[in-house]
Amino acid sequence: MLNKLFVLTLSLVLLTSTALAVSLRDIDINPEEIDLEDTFYVEVTFSGDTCGTEVKFFMDDKLFSSKIVGCNRDSIESREWDLSDNPLDCGKHILRVELIKDDKSIDNITQEIEIGNQPLIIMPERPLVNKEFTIHFEDSDTGKPADNIRVEIYDFRKGRKEKVDYYTDINGDIRFKSSNVGEFKLIIDDPEYCGSRNFYVKKTLNIDGPYPAAPLAGELITIAVPGGVGVKVLDEYGNIYATGSTTIGGGVNLTIDDPGNYTLVIGELSNTYWGRNVSICVSEKLKPSIIITPEKAIKDKELILRVKVNNEPLEYADVTIQKPVGDPEEYKTDKNGELKFTPFSTGKFLVKVEKRGYKACERAFEVRNLFNIEFTPKEPKVDEDITLFVRDQLNNLVQGATVSISDAVSGISGLDGRFTFRLTEPGEYTVIVTKPDYWDLTQKMVVLSPLHLELSSEKIELGESISAKVLALGKEISADIEVIKPDGEKESIGESYKPEMVGSYEIIANKDGYISANKTLIVNPHPLNLNLELIGDRLSIRVTSHEKPVSGISMNIEKPTGIDELVTDDEGKVETKIKKEGEVKISANVINTNPDYDKILVSRNIIKKHNIPVLILAISAIVLVAIIAIAVVHTIPRKEKKEKKKKKRTGLKKGKGSTLSRL
């Protein structure tokens, strides 16, 4: 009886396994070689129980036949395809047969078929942009290279008007290269061969991920892909399990809730990138994580336990906390996956989290007291008493804490929680405070010594130099000296410095472990002097600095008759003509200023002075001319009278109307 029962059970198991294992075994195409006007059909064979199944036949992803299989079938045929009524392009086509059950695809077979004699082979099968590839032509009947075939190739988007003709060489090859991604059309124009082919030129698809590489069921899976590239998940039977689309930045997030082996199909429909397939294995059950805040739990201070899965809160999980002493206590996380807990003793605690559908997890943590320290003074200096106060989390002074300050000082805090010490060297020190049942405290302390900066002079003229000296505790030491120039530029200097521009300089001395010092240096421009000399109506101005002429200085001379804008020559001189007396205002280096020299403004009242000897000489000359003129006037009448008397003596008589009489 038991044997019969075993046989019956085994038979049922085998029948069930067979029913579950129904699949496509093979497909046959009749006839095997199809000409352009032939009729063909597809036969598919099965394995397993075919009850309740359907077969769909696709040509180039287009459904052309569908058959209900029925039970206990070994094979089934598609409807016939008559190429004379429903022609296909000469060349290669993709035949796909899918087995459907309960409206789900449970198996599929894909096969490439060839219509007519199209000798086209593209190598490599996935051409890349900006890389040359070969299109090989081979007679499908003889297997020999097909040479001297005329071929048109053009960008499918731009159309046939931009086609380029190619001819195969003796090896049946043409070579093609494109700088653009996209779909291209190839047309064979030859009496012996036929067909056309659309092919793509794309980029290599680079991805980052998936992360994690071995995810758990329900865990978020992240993949970084170029923007616009789609991702779908196929289960181990080739069925679509999930799909995901990329964000603008190119990220894809997926979640697979069921454990098993899956295939990520990435960029299958992209016109820019060649698609990739990535296999992943998803494990069952997720293990929560326990996060304790703060990481260093403190006695008498509330802490928060956060339970998360895939960085998401695990709500209403069972939490058990085992304390150092006493029985364990039961809690539950809230809707945010959190639990607040206050430990009232120090020691080790154990937390265990459980929830249906998740793996149990545990975490141990320790609770201690906390140190707080304070220094007096707050900015300690060398050779001064420094007091360290040690307190706990409740601000109580702690006795018996071990204090170590680098390798310089160590000791124990007293009844009042204080530890006093003194350091002789400036610098940064590490303070470590320890005691059982307390979290160790490590803190930095800087002990400083003030610097003093001395300058040989705090006001100088441009072109002069200064020397700088840095002191600490009355002794000269080496330090970094930095200058901030008037234009804001910073410069490191040595013990002497010669400024190159006029203005205020900030000089700062720095050294690690010391308080910096600073001084202000004023750099004045070269002084200017004006020497004025009026000669006649010409005003000569000479510009000097330290008794040396200065060329190139702009001069603005405001006169009663107008304004002159001049520039000093190599002798530092300018001249201007004074046509009218009055106030003359002279400004040097005000317009188009030379920053190396000072500005100067002078006002003078110009009154022309006369040369007395020359004036006397001129007046004397005028008087002499006047006397001569008067003498001449008196002399001419006398001569006329004498001539008249003489004429009378000579018997001349003037006629009444004579010319001489009129004269």
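Worth a mention:
- Residues considered: Glu482, Glu489, Glu500. Of these, the only one that is within 42 Å of the chain's Cα centre (by Cα) and under 30 Å from Thr430 (Cβ atoms) is Glu482.
- Strands (runs of 3 or more DSSP E) fully within segment 320-362 counting 1 or more residues that are surrounded by 13 or more Cβ atoms within 10 Å (Cβ to Cβ), over 45 Å from the mean Cα position of the chain (by Cα) and in the same structural domain as Ile304 (by TED's automatic domain parsing): 329-332, 347-354
- If you filter segment 603-636 down to residues that are at pLDDT 70 or above and outside any helix (DSSP H, G or I), you find that the one that is farthest from Ser587 (Cα to Cα) is Ile607.
- Here segment 300-319 is the region considered, the condition is being hydrophobic (A, V, I, L, M, F, W, C) and not in a loop (DSSP other than H, G, I, E, B), and the residue that is farthest from Asn395 (Cα to Cα) is Val309.
- Any chance Leu314 is over 16 Å from Glu362 (Cα atoms) and aliphatic (A, V, I, L, M): no
- Of residues in segment 475-486 being surrounded by fewer than 17 Cβ atoms within 10 Å (Cβ to Cβ) and in contact with a strand residue (DSSP E or B) (Cβ under 8 Å, 6 or more places away or on another chain), the one nearest to Asp596 (Cα to Cα): Pro486
- Residues of segment 265-286 include none that is without any contact (Cβ under 8 Å) to a residue 12 or more places away in the chain, touching a strand residue (DSSP E or B) at 6+ places or on another chain (Cβ under 9 Å) and farther than 27 Å from Leu128 by Cβ.
- The set of residues from segment 418-440 being assigned to a strand (DSSP E or B) and either in contact with a Ser or Thr (Cβ under 7 Å, 6 or more places away or on another chain) or surrounded by 14 or more Cβ atoms within 10 Å (Cβ to Cβ) (or both) comprises Arg418, Phe419, Thr420, Phe421, Gly427, Tyr429, Thr430, Val431, Ile432, Val433, Thr434, Tyr438.
- The condition of being assigned by TED's automatic domain parsing to the domain that holds Asp155 and touching a Ser or Thr at 6+ places or on another chain (Cβ under 9 Å) holds for only one of Leu36, Leu83, Leu128, Leu95, that being Leu128.
- Sole exception among (1) of a type in the set (S, T, N, Q); (2) closer than 27 Å to Asp300 by Cβ; (3) touching a residue at least 24 places away in the same chain (Cβ under 8 Å) for Ser449, by number: (2)
- Tally, over segment 506-548, of residues that are hydroxyl-bearing (Ser, Thr, Tyr), farther than 30 Å from His452 by Cβ and surrounded by 15 or more Cβ atoms within 10 Å (Cβ to Cβ): 2
- Matching residues, segment 108-133, being at pLDDT 85 or above and part of a strand (DSSP E or B): Asn108, Ile109, Thr110, Gln111, Glu112, Ile113, Leu128, Phe133
The values are calculated or read from the model by the stated rules, or taken from the named source; none is laboratory data. Bear in mind the structure is a predicted one, so any value in this text is a computation, not a measurement. No Cβ is skipped: glycine too gets one built from the backbone with ideal geometry, and neighbour counts run over all protein chains shown.
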